[in-house]
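Visitor: Dropping a structure here in structure tokens format, bear with me for questions.
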Amino acid sequence: MSIAGITTMVLRLSPLFGNDMEEGKKMTRKQIAGFIIVGVATTCSCKRNYAPLVVTTNHNYLVVEGVISAGGDSTIIKLSRTIQISAANKHKYEIGAKVTVNDDQGTTYPLNEVDSGRYNAAAITDASRKYRLNITTTDGKTYQSDLVPVDVTPPLDSVEFEAVSNDVNIYADTHDATNKTKYYRWDYVETYIWESIMDEPWEFDNSYKAVSNKFRLRTPAEQVHLCYDNKDDGTVFVASAANLKQSVVNRIPITQIASTDERIVHKYSIAVKQYAISSAAYTFWAQIKKNTEQIGTIFDVQPSEIQGNIRCTSNPGVPVVGYISASTVSQKRIFIDRTMLPAWPILPQTEPCAFQKLPVPPFWYGNNIPSDITSGVWIPTDSVRKSFDPKAGDTLFSVITVIYNCVDCRYHNHGTTVKPAFWK
């Protein structure tokens, strides 16, 4: 019940006060205050958790994200499913789908699934044709987008960063000298260096019989303590220059990184992609932003139906979330080294590192090898070379091992030890 409702209730109860309402204002105020307290207490005691059907129902609709790239860059389409707000897993990827792009001249371009829910096609070079996306999911449903022309994207002028207070803010600037582009879209991919808590140079190698040779030094190509992690959260930004005399858009906020974030501990890179989009595409993405970021109270913008340009052709009644555009791409990449930032304190990593001492015989054959080592759960350290002395008559020794995620950086955000070709 609102405060206005409580006030109305008090006014309706005023006859119960009798002549006190006229004879004593002090008593009247006390009595009104008492009834307000009772009303608030009654209202609070009547509260119940409300889970509306729209929140608790698992619709499992297909979500399609991406741009058909014409002009040199690869086309990447991401497929996923809608989930409940309360779901613990915030990503439900659509795997095993058949995805193709076809143009208005009958040429088909297949997309291969490169990882969970991500489908990739080589560069489509003809920007004079129209294109559409086709999807067949493992449940047999088929989806198709509208046939769309290719929007020519003006060059991305710059991507810049600025350290303000305890954050790094990254911006993009652009303009179209021809004044033809009125709507823009940006997305980005981040790459950064991650180092494991421990650097273990030794590797278990069971191809040797002698215990002293069971562990060998890793080669530089085999190191597992330094990785390059990628972050692609699918964030999309749009901007309009429709009401401007010139198509100039400056200081578009791309992302913000806290001073304590692991991404800027060593070295960080961000590649920002810019696309020219249509008015309909801009309306779609602007509405997505409103529905996902600005809803919190009854005074905020309320959810509205989002009309994309892709539909389920096998069952037109099944909703689909997504808008497929085709455009050329303009991209810029910048690097941020730790030395380029203020002297912010670097917080220590908090991943738990557990050690275990495994007693083993001097020669490991077959089942004598601790399974935790062969399975990679525990990684032996070089203490084995220090703890076993056959000349002293040792017949048993202990291997000090450490849990794998403290040594192998590839277990953190699925990083890779292979340096990207673009890395400086």
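The values are calculated or read from the model by the stated rules, or taken from the named source; none is laboratory data. Quantities reported herein were computed from a predicted structural model and do not represent experimental measurements. Methodologically, a virtual Cβ is constructed for each residue, glycine included, from the backbone with ideal geometry; neighbour enumeration extends over all protein chains shown.
Visitor: Let me spell it out: the conditions are (1) surrounded by fewer than 20 Cβ atoms within 10 Å (Cβ to Cβ); (2) in contact (Cβ under 8 Å) with a residue 40 or more places away in the chain, and residue 100 meets all of them except one. Which number is the exception?
Guide: Every listed condition holds for residue 100 apart from (2).
Visitor: Can you tell me which residue in segment 278-292 is surrounded by the fewest Cβ atoms within 10 Å (Cβ to Cβ), limited to those that are touching a strand residue (DSSP E or B) at 6+ places or on another chain (Cβ under 7 Å) and not hydrophobic (A, V, I, L, M, F, W, C)?
Guide: Within segment 278-292, the match that is surrounded by the fewest Cβ atoms within 10 Å (Cβ to Cβ) is 279.
Visitor: Going through 338, 333 one at a time, which residue ends up being touching a helix residue (DSSP H, G or I) at 6+ places or on another chain (Cβ under 8 Å), modelled with pLDDT of 85 or more, charged (D, E, K, R) and over 20 Å from residue 136 (Cβ atoms)?
Guide: Numbers: 333 fails: touching a helix residue (DSSP H, G or I) at 6+ places or on another chain (Cβ under 8 Å).
It is 338.
Visitor: Restricting the search to segment 266-285, which residues are within 20 Å of residue 233 (Cα to Cα), of a type in the set (A, V, I, L, M, F, W, C) and not in a helix (DSSP H, G or I)?
Guide: 270, 271, 272
Visitor: I'm told residue 161 meets every condition in (1) part of a strand (DSSP E or B); (2) closer than 22 Å to residue 69 by Cα except one. Can you identify the failing condition by its number?
Guide: (2)
Visitor: Something else now. For segment 97-132: of the residues being of a type in the set (S, T, N, Q) and not in a strand (DSSP E or B), which is farthest from residue 66 (Cα to Cα)?
Guide: Among those that are of a type in the set (S, T, N, Q) and not in a strand (DSSP E or B), it is 105.
Visitor: Something else: In the set 346, 295, 379, which member is of a type outside the set (Ser, Thr, Tyr), over 28 Å from residue 229 (Cα atoms) and modelled with pLDDT under 90?
Guide: That would be 295, the only listed residue that is of a type outside the set (Ser, Thr, Tyr), over 28 Å from residue 229 (Cα atoms) and modelled with pLDDT under 90.
Visitor: Across segment 329-350, which residue is nearest to residue 152 (Cα to Cα) among those that are free of Cβ contacts under 8 Å to residues at least 24 places away in the same chain and not in a loop (DSSP other than H, G, I, E, B)?
Guide: So, considering only residues that are free of Cβ contacts under 8 Å to residues at least 24 places away in the same chain and not in a loop (DSSP other than H, G, I, E, B), the one nearest to residue 152 (Cα to Cα) is 340.
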